[in-house]
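One structure below.
The values are calculated or read from the model by the stated rules, or taken from the named source; none is laboratory data. Just so it is clear, the model here is predicted, and its values are computed rather than measured. No Cβ is skipped: glycine too gets one built from the backbone with ideal geometry, and neighbour counts run over all protein chains shown. Heavy atoms of the whole protein, side chains included, go into the accessibility calculation; ligands, DNA and RNA do not. Shrake-Rupley method; radii C 1.70, N 1.55, O 1.52, S 1.80 Å.
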Amino acid sequence: MTVAIKVENLSKKYVIGAAQERQDTLRDWLVAAGRSLRRRPTAENEFWALRDVSFEVQRGEVVGVIGRNGAGKSTLLKILSRITEPTSGRAYINGRVGSLLEVGTGFHPELTGRENIFLNGAILGMRRTEIARKFDEIVAFAEIEKFLDTPVKRYSSGMYVRLAFAVAAHLEPEILLVDEVLAVGDAAFQKKCLGKMGDVAREGRTVLFVSHNMSAMQRLCQNAIFLQDGRLSSYDDVQKIADLYFGTKGYNTSVSFEPKPSLPIFLRKIEIVDCSTNLPTAGKIEISDGFFIRVTYEVTKKIKGVHTFLRIQASNGETVLSTGDCDVNPAKLLEDRIPGVYTALVKIPPYLLGTGDYSVTWSAGIPFQINYDVEWNVVNFRVLDSLSERGEFMHFRKPGYLGLNLEWQYVVG
Amino acid sequence: MTETALTKATDEFGVVIEPTRGLAALQLRAVWQYRELLGFLVWRDVKVRYKQTALGVAWVVLQPLVNMLIFTLLFGVLLKVPSGGAPYPVFAFAALLPWNYFASSLNRASTSLIGSANLITKVYFPRLIVPLSGVLSGLVDFAVSFLLLGVLMLVYRLPLSWTMLWLPFFLLLAMVTALGFGLWLAALNVRFRDVNYLVPFLVQVWMYATPVIYGSTLIPERFRWLLALNPMTGVTEGFRWALLGSRLADAAAPGGLFYVSIGISLLVLISGMVFFRSTEKTFADVI
């Protein structure tokens with residue numbers, strides 16, 4: 001195997017002063033220059049976005065890069081994409097690089113879809129002939145045939161993103177550097193994009209994939225790099241990195257139970273399921289994502305008037321929400337439940353729960369009469385907000401069990 | 001690692017990313033490799049400029065035309081600026097043409113990096129392409145107004161002359177000058193937004209310092225070397241000579257002072273490229 005990417009002691013320093021008090025005009029700069037004559041730059045106003053990072057990626061490997069906000073993920077990709085220079089250290093790249101730090105870079109709102117495909121393709125490093133060859137495929141992938149000659153400023157945001165991603169997805173570099181671009185579009189399109197990414201990986205290309213989406217990363221990558229405060233904390237099998245990333249405590253998002261045939265109804269399995277992949281999540285759920293609670297239970301004999309319940313509790317034990325299968329959709333199950341295995345999917349919409357840790361309790365019984373089976377706090381998960389402006393830039397958590405964004409109507413005067 | 005292993009390693013790897021020390025190489029070969037992107041950026045510039053304008057390309061003709069009419073009225077008719085025997089409208093237009101090209105190219109080049117901030121922070125390509133596309137996209141406007149000049153010359157029944165073959169050369173000099181100053185200003189603009197205010201002012205002053213509304217013969221002989229320090233003098237006077245040469249009373253082919261103009265604009269171009277390249281590494285961080 002040959003090495004595709006080799007990084008040796010890569011470091012990148014930013015001077016925070018320059019970023020915070022922007023020296024946009026000559027006057028600002030003169031003032032700052034005068035100040036710095038008296039006060040040399042100190043370690044205080046330096047910020048090491050990356051420090052002594054070294055690793056190797058073999059050709060054909062798909063490696064994830066994960067870390068919290070400000071851990072240096074984006075800086076690493078920017079250096080490898082040659083957008084910014086490292087302060088010290090070096091990196092070797094063996095092969096044609098395509099980098100996707102954003103979809104739709106260089107899209108011009110006044111130009112038509114057709115024109116933007118060529119422009120964006122060229123910006124991403126495709127040859128004109130290459131774009132022309134893949135043109136039909138790109139249009140079909142984006143599903144915008146009818147709007148090819150409409151300026152993209154008239155596109156819906158969904159169409160815009162689909163077109164942008166379609167161009168990017170048809171880039172065929174030997175080494176692909178991807179940053180979080182999957183955090184766009186609706187769930188169905190995200191799924192399609194994940195599929196496309198999987199194809200890229202299977203074709204034997206090298207991919208470095210930065211994402212907050214651990215479940216996508218677990219599906220696509222064999223190995224992952226965990227960055228912490230600019231340092232490479234671990235480079236290992238993606239499963240081990242996932243465990244590390246979620247901390248020692250960990251989250252149980254899928255629990256199975258032995259059958260209890262003596263009971264008329266008992267729980268077989270309960271899972272916290274990702275909306276887009278239909279697989280159990282790794283336990284951390286973006287507030288903007290929503291998720292399912294999937295419950296599988298077995299009924300051993302015909303029963304009447306039985307409800308199944310879910311109760312969501314916050315980490316302090318307070319019950320935030322209860323829901324039963326009689327809530328919205330009785331489906332005549334309340335009258336007679338015939339023996340068999342039942343699977344229920346309960347959708348918890350985005351922004352319902354506020355950020356924090358929660359656990360789920362399942363129970364089945366006849367209200368005020370009997371409880372057949374109950375499993376307390378079997379699965380748990382965390383709702384977090386790392387993608388929104390609030391979570392990403394302001395680093396403050398909105399307290400409360402409910403995450404709903406409410407409308408503020410103003411009367412000013 | 002032994003020396004041979006090290007050289008082998010660098011052979012094996014396509015790109016080595018490391019901090020540049022000292023002056024950066026000009027990387028003209030990389031610009032050539034990205035020529036298709038350059039083409040697309042120029043095409044985008046031209047395409048977008050007249051989208052959703054009612055008059056479209058007519059603006060290209062209208063602007064110099066109105067300028068010429070005003071100049072003719074003010075300086076040709078009222079102030080009677082000597083035009084060396086040529087009809088003043090053609091005399092003025094012959095210089096306005098390259099001047100407008102220069103002024104708009106300089107303006108576009110110096111704001112180009114700021115305008116492409118989203119590209120610069122997200123994609124790699126040789127940054128030189130950005131101001132270069134600003135200078136190249138002005139050529140389309142130039143070509144359109146050049147047709148207008150042709151019409152004007154027909155109206156005044158001015159003959160074609162062999163000296164016109166020199167026009168591309170003078171145009172190239174205008175390009176080199178615009179690019180040279182444009183590179184300096186574009187790179188400075190990333191750091192200091194003062195450039196945005198400076199450029200329109202600079203262009204205005206510069207126009208009066210260049211023989212556009214007047215001919216260089218208006219300046220006393222002993223001060224004329226001062227004009228030569230301005231490369232645009234060579235361009236506008238060159239255009240007049242090439243187009244109207246035989247008509248001008250003091251038709252002097254470009255002489256010694258002209259070489260000074262060329263020298264100066266090449267100097268600005270090369271220093272501009274060096275300055276641009278060595279500040280380029282911080283563009284994405286400070287823009």
*Return one whole number: the accessible area per residue of region B:79-181 in Å², for a 1.4 Å probe.*
37
*In nm, give the distance between the simple-model label positions of B:S271 and A:S88, each being 7 Å from the Cα along the Cα-to-Cβ direction.*
3.4
*Taking R0 as 35 Å, what's the FRET efficiency between A:Q222 and A:E110 from their Cβ-Cβ distance, rounded to 0.05?*
0.20
*Using only protein heavy atoms and a 1.4 angstrom probe, determine the accessible area buried between A and B, summed over both sides, in Å² to the nearest 100.*
4200
*For chain B, what is the relative contact order in percent, using Cα pairs closer than 8 Å and at least 6 residues apart in sequence?*
27
*Where in region B:129-238 are there trypsin sites (Lys or Arg not before Pro) that are in a DSSP coil and have at most 15 other Cβ atoms within 10 angstrom of their Cβ?*
B:R157
*Before rounding to the nearest 500, sum -39500 (n - 2.57) across all DSSP H runs of length at least 4 in the protein assembly as shown and divide by the residue total; then give [θ] at 222 nm in deg cm²/dmol.*
-13000 deg cm²/dmol
*Roughly how many debye, to the nearest 20, is the charge dipole of the protein assembly as shown about its Cα centre, given +1 on each Lys and Arg Cβ, -1 on each Asp and Glu Cβ, and no other charges?*
1120
*To one decimal place, what orientation-averaged projected area in nm² is obtained for the convex hull of the Cα set of chain B?*
18.8
*Charge-dipole axis of the protein assembly as shown as Lys and Arg at +1 and Asp and Glu at -1 on Cβ define it, positive-most pick from B:L136, A:H307, A:T296*: B:L136
*Taking all protein chains as present, what is the carbon and sulfur share of the accessible area of region A:280-381, in % to the nearest whole number, probe 1.4 Å?*
54
*What FRET efficiency comes out for the pair A:E8/A:T296, r = Cβ-Cβ distance, R0 = 35 Å, nearest 0.05?*
0.10
*Per residue and in Å³, how big is the convex hull formed by the alpha-carbon atoms of region B:155-287?*
131
*Using only alpha carbons, build the gyration tensor for the protein assembly as shown and give me the equivalent ellipsoid semi-axes, biggest first, whole Å.*
65, 29, 23
*Report the accessible area of B:V274, computed with a 1.4 Å probe over the heavy atoms of all protein chains in place, in Å² rounded to the nearest 10.*
40
_Pairwise FRET efficiency - A:C326 versus B:V286, Cβ, R0 = 60 Å, nearest 0.05_ = 0.50
*Could you tell me which of B:M153, B:W166, B:Q204 has its Cα farthest along the dipole of region B:100-207 towards the positive end, charges placed at Cβ (Lys, Arg +1; Asp, Glu -1), taken about the Cα centre?*
B:Q204
